[in-house]
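A.B. asks: I have a structure I would like to understand better, so I am pasting it below and will then ask my questions one at a time.
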Amino acid sequence: MSGFIKRTRAWLVAFALLVVWELSCRLFHIPEFILPAPTRILEVTWQFRNELALHAFQTLMTTIVGFFIAIVVGILLGVAVGSSSAVYDSLYPLLIGFNSIPKVAVVPLIVIWTGIGTIPAIVTAFVISFFPIVVNVATGLASVEPEMRDVLRILGATRYEMLRKVSFPRALPYLFASLKVAITLAFIGSVVSETIASNYGIGFLMLSASSRFQVALVFSGVIIIAIMSIAMFAICIQVERRMVSWAYRSQAA
Amino acid sequence: MLTHKLATPVYPELSTILSTSKPSPPMVRMAGVSLKYGDMLALEDATLDIADGEFVAVVGPSGCGKSTLMKLVTGLLPPTGGDIEFDRKRVTGPVRGAGMAFQNATLLPWRTTTDNVMLPLEIVEPYKSQSRSNRKALEDKVQNLLDIVGLGDFGDRLPWQLSGGMQQRANLCRAIIHEPKLLMLDEPFAALDAFTKEDLWQVLQDLWMHQKFTGILVTHDLREAVYLADTVYVMSNRPGRILHRCHIPLDRPRRPETTFDPVYTEIVNDLRAKIAAVRNAK
């Protein structure tokens, strides 16, 4: 019984929250354009299911494309920063400076350069999510024990061999940890871009719904983004478990 | 036997044969070697010769530059003074054909024991070019070595499934699987309990008598040094200097009973007194 409670605790809390929400809306007669009741959100979601699916697919697609570009660029930059002190010294301050810029402020620029619609959403998703990947890959590469480096140098290993056989596998758990952060950021990026400059995507749908005071539909958008984000997060965890099971020995033991 | 097939071509062997008529040149030669880190002198005027196949131990108080000595011989650190030769060639960068093991086993956690020991064979020629085409032969070679150190049944385990002693055995295997001319050991048994430690002395001696590599063992355990080495060097406090050179006349193979031999005990006590004198002379 206690095991069952433990497994379902999160669901129970979420359900209780929804009940409180529903009851407050009904008891205090909160107008729908301020806070719609969960049942009403469900109803609207069903009513606009086709539009929601279309826009959700657009957002998911731009997010995933941006995310994959971020993985490729993040790994390449991370390897460059993590394996050469010259690159580290010259690039790292720049990267940190770049990362401290609020990306929302850059979106208008991205729109000027790349137009409206899908491309700026992909670019924003990429720009906002690649930084944690760079930092983690670089950190992971640096975590190789100095003794191991000495062993490899004495064996005459090339830089490429060191990277492929030791440093990169060593950095994989760090990479996957950063992917879980990056995928959530990528969703933020594409939705922000859609609210600013697009005629597609959940971001656009929420913006136009709120301008028409269809607050229930705005909530539908929020919930769908949350569901997609959680799903992608879960996929990242599954891939992580498969690729770096050796890093989770305590569970397996 | 497999090891013969895998040996390097005729020329190095020929030169060894030719040189046997003269006294064979030392495998490692240090002449007036010193090292400064900034203003701090870590090692001063170290001069020693290590013969081919000799096993030496370097002992001394902690922080006396024992590990520095190791890094210098293998070319991982350039000396600030003096000359170092390894295998009749001046050391100018990281040397090839040495093996190393440290106190920390540093096995790769995603590789099984066999694959961990296999690592040098994937990097060092002539094995590297065979590692695709003839992997089976190399796996047999690894298995042989694992059998010798008593890890025969643990080849497919991951490092975290091994005890500290077993990890250190695998570490030793990885250090000598490519049959290096020189094995460098930096306090490899320091973190092990007394029983495991003495087991591994035995394992190391067996490996040495089997492969006849030149060995340098850095340790602060005098009993270990005397048990394993042909020659023990005693170093002073910083700046490290070589104070004594002590030949160990005990017969091989040495056995656990050897530690009760009066000669053994006498040498250990003598060395202990010397080190105590060094420490007090601050």
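A.B. asks: Which one of the conditions (1) over 21 Å from B:ASP186 (Cβ atoms); (2) within 14 Å of chain A (Cβ to nearest Cβ); (3) touching a helix residue (DSSP H, G or I) at 6+ places or on another chain (Cβ under 8 Å) does B:PRO25 fail to meet, given that it meets all the rest?
C.D. replies: Only one criterion is unmet by B:PRO25, namely (2).
A.B. asks: Open to solvent by 20 Å² or more (accessible area, probe 1.4 Å), facing chain B (nearest Cβ under 9 Å) and of a type in the set (A, V, I, L, M): is that true of A:LEU172 in this structure?
C.D. replies: So A:LEU172 passes the test.
A.B. asks: Among the listed residues A:GLU161, A:GLU147, identify the single one that is in contact with a strand residue (DSSP E or B) (Cβ under 8 Å, 6 or more places away or on another chain) and either under 30 Å from B:ARG96 (Cα atoms) or within 14 Å of chain B (Cβ to nearest Cβ) (or both).
C.D. replies: When all the criteria are applied, what remains is A:GLU147.
A.B. asks: Looking at (1) closer than 25 Å to A:LEU35 by Cβ; (2) under 18 Å from the mean Cα position of the chain (by Cα); (3) surrounded by 24 or more Cβ atoms within 10 Å (Cβ to Cβ), can you tell me which one A:THR195 breaks?
C.D. replies: Going through (1) closer than 25 Å to A:LEU35 by Cβ; (2) under 18 Å from the mean Cα position of the chain (by Cα); (3) surrounded by 24 or more Cβ atoms within 10 Å (Cβ to Cβ) one by one, A:THR195 breaks only (3).
A.B. asks: I'd like the full set of residues that are of a type outside the set (Gly, Ala, Ser) and either touching a strand residue (DSSP E or B) at 6+ places or on another chain (Cβ under 9 Å) or not in a loop (DSSP other than H, G, I, E, B) (or both), limited to the stretch B:93-112.
C.D. replies: B:VAL95, B:MET100, B:PHE102, B:GLN103
A.B. asks: Being within 14 Å of chain B (Cβ to nearest Cβ) and open to solvent by less than 60 Å² (accessible area, probe 1.4 Å) is the requirement here; does A:LEU141 meet it?
C.D. replies: So A:LEU141 does not fit the description; no.
A.B. asks: Still on this model: With the requirement that a residue be more than 21 Å from B:ASP49 (Cβ to Cβ) and open to solvent by 40 Å² or more (accessible area, probe 1.4 Å), what does the stretch B:240-254 give you?
C.D. replies: B:ASP251, B:PRO253 - these are the residues of the stretch B:240-254 that are more than 21 Å from B:ASP49 (Cβ to Cβ) and open to solvent by 40 Å² or more (accessible area, probe 1.4 Å).
A.B. asks: Same structure again: Could you grab the pairs with beta carbons closer than 7 Å, sequence gap of 6+ or different chains, first residue in the stretch A:187-204 and at negative phi, second one among the basic types (Lys, Arg)?
C.D. replies: Qualifying pairs under 7 Å: A:GLY189/A:LYS103.
Yes/no per residue for (1) crowded, with 22+ Cβ neighbours inside 10 Å; (2) assigned to a loop (DSSP other than H, G, I, E, B):
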| position | (1), (2) |
| --- | --- |
| B:LEU121 | yes, no |
| B:GLU139 | no, no |
| B:ASP156 | no, yes |
| B:ALA170 | yes, no |
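A.B. asks: Sticking with this structure for a sec: Restrict the check to the stretch A:60-76 and report whether at least one residue is over 16 Å from A:ALA186 (Cβ atoms), touching a residue at least 12 places away in the same chain (Cβ under 8 Å) and among the hydrophobic types (A, V, I, L, M, F, W, C).
C.D. replies: no
A.B. asks: Name every residue in the stretch B:118-166 that is within 14 Å of chain A (Cβ to nearest Cβ), in contact with a Lys or Arg (Cβ under 7 Å, 6 or more places away or on another chain) and free of Cβ contacts under 8 Å to residues at least 40 places away in the same chain, in order of residue number.
C.D. replies: B:GLU122
A.B. asks: Which ones in the stretch B:176-191 are in contact with a helix residue (DSSP H, G or I) (Cβ under 7 Å, 6 or more places away or on another chain) and open to solvent by 30 Å² or more (accessible area, probe 1.4 Å)?
C.D. replies: Within the stretch B:176-191, B:GLU179, B:ALA191 qualify.
Residue-wise test of (1) among the aliphatic types (A, V, I, L, M); (2) in contact with a Phe, Trp or Tyr (Cβ under 6 Å, 6 or more places away or on another chain); (3) open to solvent by less than 10 Å² (accessible area, probe 1.4 Å); (4) farther than 18 Å from B:LEU185 by Cα.
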{"residue": "B:HIS220", "(1), (2), (3), (4)": "no, no, no, no"}
{"residue": "B:PRO256", "(1), (2), (3), (4)": "no, no, no, yes"}
{"residue": "B:THR259", "(1), (2), (3), (4)": "no, no, no, yes"}
{"residue": "B:GLU266", "(1), (2), (3), (4)": "no, no, no, yes"}
{"residue": "B:LYS274", "(1), (2), (3), (4)": "no, no, no, yes"}
{"residue": "B:ALA277", "(1), (2), (3), (4)": "yes, no, no, yes"}
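A.B. asks: Determine, yes or no, whether A:GLU51 is open to solvent by less than 70 Å² (accessible area, probe 1.4 Å), assigned to a helix (DSSP H, G or I) and of a type in the set (Asp, Glu).
C.D. replies: No; evaluated as a whole, the condition is false for this residue.
A.B. asks: Going residue by residue through the stretch A:17-25, is there one that turns out to be modelled with pLDDT under 95 and in a loop (DSSP other than H, G, I, E, B)?
C.D. replies: no
A.B. asks: Continuing with the same structure: Only residues that are more than 14 Å from chain A (Cβ to nearest Cβ), surrounded by fewer than 22 Cβ atoms within 10 Å (Cβ to Cβ) and within 20 Å of B:PRO26 (Cα to Cα): list them for the stretch B:52-78, please.
C.D. replies: B:ASP52, B:GLY53, B:GLU54
A.B. asks: OK, next. Could you list, in sequence order, the residues of the stretch B:85-112 that are away from every other protein chain (no Cβ under 12 Å) and touching a residue at least 60 places away in the same chain (Cβ under 8 Å)?
C.D. replies: Matches in the stretch B:85-112: B:ASP87, B:ARG88.
A.B. asks: Suppose we keep only residues that are under 14 Å from the mean Cα position of the chain (by Cα) and surrounded by 19 or more Cβ atoms within 10 Å (Cβ to Cβ) within the stretch A:214-228. Which one would you say is farthest from the other protein chains (Cβ to nearest Cβ)?
C.D. replies: Only one residue fits best here, namely A:ILE225.
A.B. asks: Which condition number in (1) open to solvent by less than 70 Å² (accessible area, probe 1.4 Å); (2) touching a helix residue (DSSP H, G or I) at 6+ places or on another chain (Cβ under 6 Å) is the one that A:VAL104 fails?
C.D. replies: Answer for A:VAL104: the failing condition is (1).
A.B. asks: Please verify whether B:ASP115 is within 14 Å of chain A (Cβ to nearest Cβ), open to solvent by 40 Å² or more (accessible area, probe 1.4 Å) and part of a helix (DSSP H, G or I), treating the condition exactly as stated.
C.D. replies: Taking the combined requirement at face value, the residue satisfies it.
A.B. asks: Right, here's the next one. Test of understanding: among B:THR231, B:THR196, which residue is of a type in the set (Val, Ile, Thr) and in contact with a His (Cβ under 8 Å, 6 or more places away or on another chain)?
C.D. replies: Going through B:THR231, B:THR196 in turn, the sole match is B:THR231.
A.B. asks: How many residues are in a helix (DSSP H, G or I) and free of Cβ contacts under 8 Å to residues at least 40 places away in the same chain if we restrict to the stretch A:78-91?
C.D. replies: The number of residues fulfilling the criteria is 7.
A.B. asks: Follow-up question, since we're still on this one. Any residue in the stretch A:176-190 that is touching a helix residue (DSSP H, G or I) at 6+ places or on another chain (Cβ under 9 Å), in a helix (DSSP H, G or I) and within 14 Å of chain B (Cβ to nearest Cβ)?
C.D. replies: Taking every residue of the stretch A:176-190 in turn, at least one turns out to be touching a helix residue (DSSP H, G or I) at 6+ places or on another chain (Cβ under 9 Å), in a helix (DSSP H, G or I) and within 14 Å of chain B (Cβ to nearest Cβ).
The values are calculated or read from the model by the stated rules, or taken from the named source; none is laboratory data. What you are looking at is a predicted structure, and each value in this text was computed from that prediction instead of being measured. Every residue, glycine as well, gets a Cβ built from its backbone with ideal geometry; the counts of neighbours run over all protein chains shown. Accessible surface areas use protein heavy atoms only, side chains included; no ligands, DNA or RNA. Shrake-Rupley method; radii C 1.70, N 1.55, O 1.52, S 1.80 Å.
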